[in-house]
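The values are calculated or read from the model by the stated rules, or taken from the named source; none is laboratory data. Just so it is clear, the structure is predicted and the values come from calculations on it, not from any experiment. Neighbour counts run over all protein chains shown; Cβ positions are idealised from the backbone, glycine included. All accessible areas refer to the heavy atoms of the entire protein, side chains included, with ligands and DNA or RNA removed. Shrake-Rupley method; radii C 1.70, N 1.55, O 1.52, S 1.80 Å.
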Amino acid sequence: MRVIGLMSGTSYDAIEAAAADLTLDGDTLLLRPLGHLSAPYPDDLRALIAATLPPATTTMRSVCALDTAVGQAFAAAAGRALRELCDGTADLVVSHGQTMYHWVEDGSVRGTLQLGQPAWIAESTGLPVVSDLRSRDVAAGGQGAPLVGMTDTLLLRGLPGTPAALNLGGIANVTVLAPGAEPLAFDTGPANALLDAAVRHFTDGAADYDEDGRRAAAGRTGPELLRALLDDPYYRRPAPKSTGKEHFHLPYLLRALETVPTPDPDDVLATLTRLTAVTVADACRAHGVTELVVSGGGARNPVLMRMIAEELPGVTLRASDELGLPSDAKEALAFAVLGFLTLHGLPGALPSGTGARRATLLGSVTPGLAPLRLPEPVSRPPRLMRITGSAACAAVSAASTPPAR
């Protein structure tokens, strides 16, 4: 089955589209990547998202406008992926949509809202669409996040020691596979969320992020500010847990800076970068991680990666590309996998990762132009994922060899 996955994370800068051929072979899911592309949001839509995200107030008109505009933007990205990555032929589109609110109270998720009406995608491409993938897990008592845990687990099984996958988006999340234990997945805290908010604030919107971590590299970590930030109760909550920009946003940072004034913006950025590194490292140490497979936009920040390495001496860090999954496309491919599992009658969430009462089928299906025909349900879920294609196979083979320590 040829599947297009669409994802826009909490940084809301672009829609990532990735395509893959997916096949079940016994207990192994075969994934052959077909390529990926990035479609930046139009400036006016990005501004509307920014103006609507918490802690801002909004109107139902704005919510409706966002649902339509995000849906149309996702439809355009899906159309590009269909033409440019799939030679015009695909079976399914899986759309994560744009997360606008993740409702957490006392550690429990009450609801989650991703906008981007899938009807626009179905009408534009003619293909069926799986969307709204988080809500079913929430209804089953889960966090609804991080849903990449399933793909991470299938990918990491077979690696030695205690491997973990780290995704550095707006929020950082890890999936840990300890020998003899159920997979564990949770959000560790902010990755780029506070950094990007700080850069926009200090530059009056002239810059959206700290390119290559240059400003953080020019600053110095403020121990008092770091201690104040680390005092957040979120970090002490046990997994499963999830968070978002409803919690980690600019007013949150400004309140911390009122408590611990830090005049030099570069020192603030250095401290925020160190905050991500420390919270990621604390989570990894708590679970005995021996190898960390990294993806997401933060993986391109050399200063952040250096700080994580400093905080985790003796732990091997490698990019997900070395396992055959392009770092920039991993989340989009992960949602392609979830939609594929849904259509085959297989659950896509791990109760040990989200805290749900049971594993559930994820998402809702919007038919395409043709009558909806679902594959025969599959009784046995996959345990492993193998990336196919000559270059990917070589990468997986090399990555599966225990590194010298």
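Do any helices (runs of 4 or more DSSP H) lying entirely in the stretch 200-283 carry at least 2 residues that are open to solvent by less than 20 Å² (accessible area, probe 1.4 Å), and which ones are they?
Those helices (runs of 4 or more DSSP H) span 223-230, 250-259.
Taking Gly170, is it buried (at least 24 other Cβ atoms within 10 Å of the Cβ) and modelled with pLDDT under 95?
The answer is yes for Gly170.
Given the conditions (1) in contact (Cβ under 8 Å) with a residue 24 or more places away in the chain; (2) acidic (Asp, Glu); (3) under 23 Å from Gly355 (Cα atoms), which single one is not true for Glu105?
So the condition that Glu105 fails would be (1).
Give me the pairs, please: first residue somewhere in the stretch 56-77 and closer than 21 Å to Ala14 by Cβ and acidic (Asp, Glu), second residue anywhere and modelled with pLDDT of 95 or more and not in a helix (DSSP H, G or I), beta-carbon distance under 6 Å, and either six or more positions apart or on two chains.
As it stands, the answer is Asp67/Leu115; Asp67/Gln117, since those pairs meet every condition given.
With Ser131, Ser95, Ser124, Ser38 as the choices, which residue is at pLDDT 95 or above, of a type in the set (Gly, Ala, Ser) and open to solvent by 70 Å² or more (accessible area, probe 1.4 Å)? Give the steps one after another, and end with the answer.
Working: Ser131 fails: open to solvent by 70 Å² or more (accessible area, probe 1.4 Å); Ser95 fails: open to solvent by 70 Å² or more (accessible area, probe 1.4 Å); Ser38 fails: open to solvent by 70 Å² or more (accessible area, probe 1.4 Å).
So the residue among Ser131, Ser95, Ser124, Ser38 that is at pLDDT 95 or above, of a type in the set (Gly, Ala, Ser) and open to solvent by 70 Å² or more (accessible area, probe 1.4 Å) is Ser124.
Say whether the condition of being touching an Asp or Glu at 6+ places or on another chain (Cβ under 7 Å) and of a type in the set (Gly, Ala, Ser) is met by at least one residue in the stretch 151-160. Please lay out each step first, then the result.
If we filter the stretch 151-160 for residues that are touching an Asp or Glu at 6+ places or on another chain (Cβ under 7 Å), which is where we start, we get 159.
When the remaining residues are screened for being of a type in the set (Gly, Ala, Ser), the result is none.
Within the stretch 151-160 (the criterion being touching an Asp or Glu at 6+ places or on another chain (Cβ under 7 Å) and of a type in the set (Gly, Ala, Ser)), the answer is no, since none of the residues qualifies.
Restricting attention to the stretch 284-298, and to residues there that are within 18 Å of the chain's Cα centre (by Cα) and assigned to a helix (DSSP H, G or I), which single residue is farthest from Ala309 (Cα to Cα)?
Gly297
Taking into account only those residues within the stretch 179-199 that are among the charged types (D, E, K, R) and open to solvent by less than 70 Å² (accessible area, probe 1.4 Å), which is nearest to Arg285 (Cα to Cα)?
Asp187
Name, by its number, the condition in (1) open to solvent by less than 50 Å² (accessible area, probe 1.4 Å); (2) over 30 Å from Thr354 (Cα atoms) that does not hold for Ala78.
The single condition Ala78 does not satisfy is (2).
Against the definition (touching a Gly at 6+ places or on another chain (Cβ under 7 Å) and open to solvent by 10 Å² or more (accessible area, probe 1.4 Å)), how does Thr112 come out, yes or no?
yes
Mind listing whichever residues of the stretch 1-26 are in contact with a Lys or Arg (Cβ under 9 Å, 6 or more places away or on another chain), over 21 Å from Gly298 (Cβ atoms) and either open to solvent by less than 10 Å² (accessible area, probe 1.4 Å) or not aliphatic (A, V, I, L, M) (or both)?
Once the filter is applied, which keeps residues that are in contact with a Lys or Arg (Cβ under 9 Å, 6 or more places away or on another chain), over 21 Å from Gly298 (Cβ atoms) and either open to solvent by less than 10 Å² (accessible area, probe 1.4 Å) or not aliphatic (A, V, I, L, M) (or both), the stretch 1-26 yields Ala19, Ala20, Asp21, Leu22, Thr23, Asp25, Gly26.
With a cut-off of at least 1 residues that are within 27 Å of Arg383 (Cβ to Cβ) and in contact with a Phe, Trp or Tyr (Cβ under 9 Å, 6 or more places away or on another chain), name the strands (runs of 3 or more DSSP E) lying wholly within the stretch 78-187.
92-105, 129-131, 171-176
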